[in-house]
Each structure stands twice: as C-alpha cells, then as structure tokens.
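Values in this text are rule-based calculations from the coordinates and carry no lab data. Source: prediction; values computed, not measured. Please note: Cβ atoms are built from the backbone with ideal geometry, for glycine as well, and neighbour counts cover all protein chains shown.
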Amino acid sequence: MAESIKILTEHFHQEGIEKLDVYKKHGGYAGLEKALKTMSPEQVVEEVKTSGVRGRGGAGFPMGMKWGFLAKPEGVPRYLVCNGDESEPGTFKDHYLMMKCPHLLIEGMIISSFALGANTSFIYVRGELMYVINILEKAIAEAKAAGYLGKNILGTGFDLELVVQPGGGAYICGEETALLESLEGKRGNPRNKPPFPAVKGLYQCPTVVNNVESIATTPWIMLNGGEAYSKIGIGRSTGTKLISASGHVKNPGVYEIELGLPVEEFIYSDQYLGGIREGHDLKAVVAGGSSVPILPKHLILKTAAGEPRLMSYESLSEGGFASGTMLGSGGFIAMDETTCIVRNTWNFARFYRHESCGQCSPCREGTGWMEKVLYRLEHGKGNERDIDLLVDVAKKIEGNTICPLGDAAAWPVASAIRHFREEFEWHVRHPELAIAPGAVFNKETEAVLN
Amino acid sequence: MHNMTATVAFTPERLEKVKEIIGRYPEGKQKSALLPVLHLAQEQHGWVSSETMDYVAELLNIQPVEVYEVATFYTMFHLEPVGKHVIEYCRTGPCCTMGGEEVYAHLRERLGIETGETTADGKFTIKEVECLAACGWGPCFQIREKYYMHLTNQKVDEIIDELSK
Ligand SMILES: Cc1cc2nc3c(=O)[nH]c(=O)nc-3n(C[C@H](O)[C@H](O)[C@H](O)COP(=O)(O)O)c2cc1C
Ligand code: FES
C-alpha cells in the first residue's frame with residue numbers, strides 16, 4: 001500500500017497542536033463551522049451514515065445508524081456521552097489522541113452534539129488519566145473563549161456545555177451502560193438491555209455513547225463529505241483506524257492505518273512496527289485488545305484459506321473463532337517465541353476476575369475459577385483434566401451474562417487452548433520445566449524433550 | 001462528629017471547586033459529582049477515610065452508604081492511609097511482555113516492600129494495578145497524575161532517588 005492517508009493524526013506532529021490557534025492554523029474547527037453554519041442536524045447525521053464509519057470502541061457498530069436510533073421525545077433532553085474509559089489491555093489509542101490533540105475530540109463532540117440535539121455532553125475519561133483530563137479541560141476553556149462552546153455557538157442558536165468526567169478505576173465502566181451508571185455517581189454495574197441507551201440512557205433520557213476515536217472522525221467527514229470517507233478503507237471497513245501496538249515489536253506505539261492494510265505489512269514494514277525485535281520470531285498476536293481471540297503466527301498473517309489477512313473488521317474475523325479473531329479496539333499485542341502462552345492467559349484471566357463487577361454469577365465465579373486453574377497450570381501444579389475444565393468454564397460464562405465482559409473473559413482462554421493446547425499439556429507433563437525460570441514451551445524445548 | 005468534620009473538611013478553594021462541579025449536572029443530579037469530589041478528597045488527604053465519605057455525603061446531600069458503595073467499587077481510592085508517594089504499577093499482559101515483571105521485582109526489592117505495603121519511613125507505598133492504557137510505552141507506573149513509562153531497572157532507581165530527596 002502506498003503512503004497511507006491520515007484522517008485523524010495528520011497534524012499531530014505539529015508543535016503546539018494541543019493549542020487552539022495552532023489547531024486552527026492546520027484546518028481545525030473548519031468542519032465545525034461548515035456543519036453548524038451550512039448544514040442541518042439531519043444532514044450531519046446523513047453524512048455520517050454515508051461515511052460508513054463504524055464504532056471504534058470495539059464492537060464496530062455503524063455510527064450513523066446508532067445516531068438514527070436516538071429517540072426524540074418532545075421536551076426531554078438528549079445526551080451525548082463520549083467513551084474515553086479505555087481500559088482494555090493493549091489499547092492506548094484514545095489516551096494518545098486526547099493527549100496529543102484535545103481539540104480534535106472537542107470539535108467532534110460539538111459537531112456530534114449538534115447532530116443529535118444534545119445541549120450538555122460528557123467526555124468520560126478513566127480517572128488514572130487525570131493529566132489528560134486537565135489537558136481536555138484547558139482546551140475546553142479555550143474553545144469556550146473562542147465561542148465554540150456555550151450559548152449561541154457561532155451565532156447559530158445552538159447551545160452546548162461540555163463536561164469532562166473522571167472515572168475511578170474500573171474496566172467495566174467502558175461498557176456503555178456501566179459507564180452511564182458511573183456517570184450518575186453509582187457503582188459501574190451494567191444495566192439490562194433493553195431499554196437501550198438510545199431510549200433510556202443517562203438520567204433515563206435518550207443517550208448516544210460513542211468512542212473517542214469514533215467522534216474524532218466527524219470533523220474530517222464534515223469537511224470532506226461522507227462519500228469521500230467511504231472510499232477510504234476496504235468494503236464495509238471504511239476509513240482509517242488507530243492501532244495501538246505493544247509487545248515484542250521494534251516500534252511499539254500508535255499508528256493510523258487505512259483499513260485493509262495487510263497484517264504482514266503492518267508488522268514487518270519499517271513504516272509501521274518494523275518487525276519483531278532483533279533475533280526473535282513472531283509467535284502469536286492478540287489483534288484487537290485482550291478480549292479477542294489470540295492467533296498463532298500463521299493464522300494472523302494468513303487466513304485458514306491461505307489468503308493474506310488484512311487489518312479490517314471482515315478479514316480479521318474471517319474463519320470465525322475457529323481460525324479468526326476480531327479487530328476490536330485496535331489493541332495489537334505481538335508476542336515472540338519467548339512468551340509463555342499459559343502465563344499470558346493466566347495474566348489476562350486475573351485481569352477479568354479483578355474487573356468483573358460481580359453482578360452475574362457465571363462471570364463472578366467463572367473468572368475466579370479460570371484464574372485459579374490457570375495459576376495452577378502455570379505454576380506446575382495442574383493436571384490433564386484442568387485443560388478441559390477451563391474450556392468448560394469458559395463455555396459456561398460465554399453468553400450467560402448481562403454484559404459482554406463475560407465473553408471477553410472467556411474468549412482469550414478458549415482461544416489460547418484452541419491454538420496452543422500442546423503448550424498447556426506441556427505444563428502438565430513437565431511441571432518442573434513449567435516453573436523453571438526462563439523455560440518456555442517452543443520448538444527448542446520440544447526438541448530437548450523428544 | 002463536629003471535630004471530625006473539621007479535619008476532613010475541604011479547603012475553601014476545593015469547596016469552591018465542589019460547587020462548580022455540582023453545577024455541571026442538571027438540577028437534582030448532584031450525585032453525578034461523586035467521583036470527581038472523591039478524587040478531590042483524595043488529592044487533599046492522600047486517602048479516603050469513612051469520615052471523609054460521610055462529609056462528602058453531606059456535601060452532596062446523599063446517603064453515606066451511597067458514598068461507601070462507590071468508594072469501595074473503584075480501585076483508585078485508597079481506603080487506608082498510604083505513603084507520601086503511591087507507586088501504582090501496571091501488572092497486565094502487555095507491560096509484562098515488555099519486561100514488566102523484572103522491573104517491578106526490582107522496584108519492590110529497591111524499596112524493600114511488597115505490593116500493598118508502605119516503607120517504614122512512610123515515603124512510599126506500592127500498589128499493583130491493571131492496564132493503565134500505556135501498553136506500548138510500558139512497563140509503566142504512575143505516581144499521582146504522572147505517568148512513568150519505558151521503565152528499566154536503572155530508570156526506577158533514578159525515580160526513587162529523585163523522590164527520596
Ligand atoms: C467490558 C467492556 C469494556 C468496554 N470498554 C470500552 C472502552 O474502554 N472504550 C470504548 O469506547 N468502548 C468500550 N466498550 C464498548 C462500549 O460498550 C460501547 O460499545 C462503545 O463505547 C460504543 O462506542 P462506538 O460505537 O463508537 O464504538 C466496552 C465494552 C465492554 C463490554
Ligand atoms: S498493559 Fe500496562 S499499560 Fe496496558
């Protein structure tokens with residue numbers, strides 16, 4: 001693929017881009033001026049629908065369609081809530097976006113609020129990122145002083161107050177209904193759906209929840225049109241996506257890629273991750289945040305049918321869970337042959353046990369079981385039955401909980417066993433090696449044993 | 001009760017801030033201010049005591065239990081006294097993949113305490129937390145608002161030296 005198009009990050013390298021005047025100098029707030037001065041809210045929604053942009057928080061639901069579902073009962077306020085909770089392991093793109101270019105999100109929030117008819121909107125940011133919250137609040141004050149926020153914005157009669165709300169440390173508050181509970185000052189227990197937030201959301205009023213990156217696409221879409229956006233990317237994966245890469249790659253960090261980029265190019269090209277660290281080889285990838293199925297090298301580079309795997313919603317899920325995964329939030333975690341899959345799976349299982357809100361027993365109890373059994377295996381105390389027990393527990397959590405945290409906990413375990421079962425068995429058969437420092441199941445250890 | 005309120009009361013500047021925060025939400029929805037106000041309380045006292053929770057309940061005109069159940073749900077709130085510097089390191093997969101386990105072991109050894117403990121001089125507390133959304137910049141920890149990233153054993157030593165001064 002040629003020089004990749006940048007929709008979000010084009011000006012991120014500009015000195016002082018976090019300030020309003022610099023942001024404006026590079027085309028900032030032009031999308032907003034166009035939308036508010038020349039378009040109706042319905043037209044804004046239409047452009048977003050045409051763009052085909054899909055939610056960047058993980059589920060990939062078309063943003064314009066979600067906006068279309070928003071109920072509009074007479075005399076009832078509507079809310080827009082931006083999800084900046086970003087707590088899915090491997091994901092740090094929203095952190096990067098908000099910290100680098102707060103005005104991009106703020107401009108997007110104003111455009112989106114205008115489209116939805118919201119007069120008070122919230123940006124919910126995980127509390128650990130207090131320094132980012134301070135950056136956002138400073139930028140909001142600037143925007144307000146410039147007449148982009150407050151009463152009668154740009155003389156259009158549209159009023160908007162923008163509030164940044166800190167979380168308190170809870171992954172579950174990234175789930176949209178838990179986020180709304182949290183924003184109401186409660187524990188982050190997800191709500192039963194229906195009713196959906198579009199009908200009864202914040203304070204029981206119609207509400208749209210969108211991810212930071214989703215909202216940040218709207219200034220470009222306003223300026224260039226939904227049609228132009230829809231031509232970027234591939235098929236139903238339109239536009240660009242921020243990918244946050246971590247693990248054993250030469251250049252970890254946040255990248256904006258055009259959807260459809262071959263995974264192989266993303267990993268090995270110097271323009272992106274630059275390959276695996278010197279002297280090592282790729283073993284496995286978790287492509288879209290800790291929740292999505294882990295894939296071994298051969299299945300992340302190519303589908304089971306031998307087609308090159310692409311960074312797109314469709315291509316990454318090609319083959320279903322048997323041989324595919326998901327784009328998810330774009331948290332791309334690469335692991336080389338020194339990685340112990342059992343240890344990593346245990347680590348993730350501990351995360352989900354720690355973060356389960358405890359409302360639903362399959363998730364509350366199941367995540368605890370998985371963590372314990374995986375701990376046992378990793379520490380050389382497991383037995384043959386443990387592996388099937390894990391598969392069984394994962395199955396019993398999946399689909400049996402109010403919110404998808406249960407699924408998110410089950411998938412990493414189920415997929416690790418699906419693709420790396422022999423490594424789990426090795427831990428059972430060779431407990432002394434499983435606990436030996438530095439001993440990892442790979443081709444060499446296998447050869448020694450045979 | 002009155003004495004306690006005196007010790008947990010916000011400074012006048014923070015009281016102003018609380019008023020401003022409450023004003024962000026619609027009439028009658030002042031409970032939404034709970035998380036931001038708890039953060040303010042922790043900023044002032046270093047931790048959140050049950051007396052502080054009662055005081056916050058009074059300020060927001062909600063039941064004390066509504067504050068307890070929230071303060072105990074969210075992991076950022078320290079419900080017991082902590083050291084001057086609370087080091088919260090990320091123990092999650094990607095940071096460990098990027099060398100975290102070794103670096104954190106060095107940190108614990110350097111301070112001579114385990115996770116959850118405070119040094120005898122009351123200077124440092126170590127806490128283990130989950131993913132801080134800085135995975136590719138890991139291993140990492142945070143101390144209050146500040147993120148420390150790309151940690152190595154040497155960097156950890158430098159940070160501790162600096163904060164020990
Ligand atoms: C356990 C869990 C955690 C989630 N965490 C986040 C998050 O941190 N950020 C986010 O945008 N969406 C997160 N989501 C997805 C949200 O529920 C919601 O789908 C999303 O914010 C909608 O925005 P989008 O359509 O723009 O992606 C999470 C979902 C679940 C089940
Ligand atoms: S895993 Fe440590 S910051 Fe994400």
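Quick rundown of the values:
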{"item": "Compactness of the protein assembly as shown - radius of gyration and Dmax, Cα, Å", "result": "24.1, 78"}
{"item": "Computed log₁₀ I(q)/I(0) - Debye formula, equal Cα scatterers, no solvent, the stretch A:35-166, q 0.12, 0.15 Å⁻¹", "result": "-0.48, -0.76"}
{"item": "GNM flexibility winner over chain A from A:Ala284, A:Ala410, A:Ala141 (Cα, springs under 10 Å)", "result": "A:Ala141"}
{"item": "Longest to shortest principal axis, alpha-carbon extents of the stretch A:391-438, angstrom", "result": "41, 17, 15"}
{"item": "With Cα atoms, 0 to 90° folded angle of helix A:130-145 axis to chain A main axis", "result": "20 degrees"}
{"item": "Size of charge dipole - the stretch A:170-301 - debye, nearest 20, with Cβ of Lys, Arg +1 and Asp, Glu -1, no other charges", "result": "460 debye"}
{"item": "Between 0 and 90°, nearest 10: helix B:50-60 axis offset from chain B longest Cα axis", "result": "50 degrees"}
{"item": "Crossing angle, helix B:34-45 versus chain B [Cα axis fit, 0-90 degrees, rounded to tens]", "result": "70 degrees"}
{"item": "Contact order normalised by residue count of chain A, Cα under 8 Å, 6+ apart, percent", "result": "16 percent"}
{"item": "Two-decimal log10 I(q)/I(0) for the stretch A:170-249, as the Debye equation yields it once each C-alpha is a single scatterer, q = 0.15 Å⁻¹", "result": "-0.76"}
{"item": "Kirkwood-type radius of the stretch A:208-283, with distances r between different C-alpha atoms, in Å", "result": "14.0 Å"}
{"item": "Cleavage-rule hits, trypsin sites (Lys or Arg not before Pro), the stretch A:81-174, DSSP coil, Cβ neighbours within 10 Å at most 13", "result": "A:Lys151"}
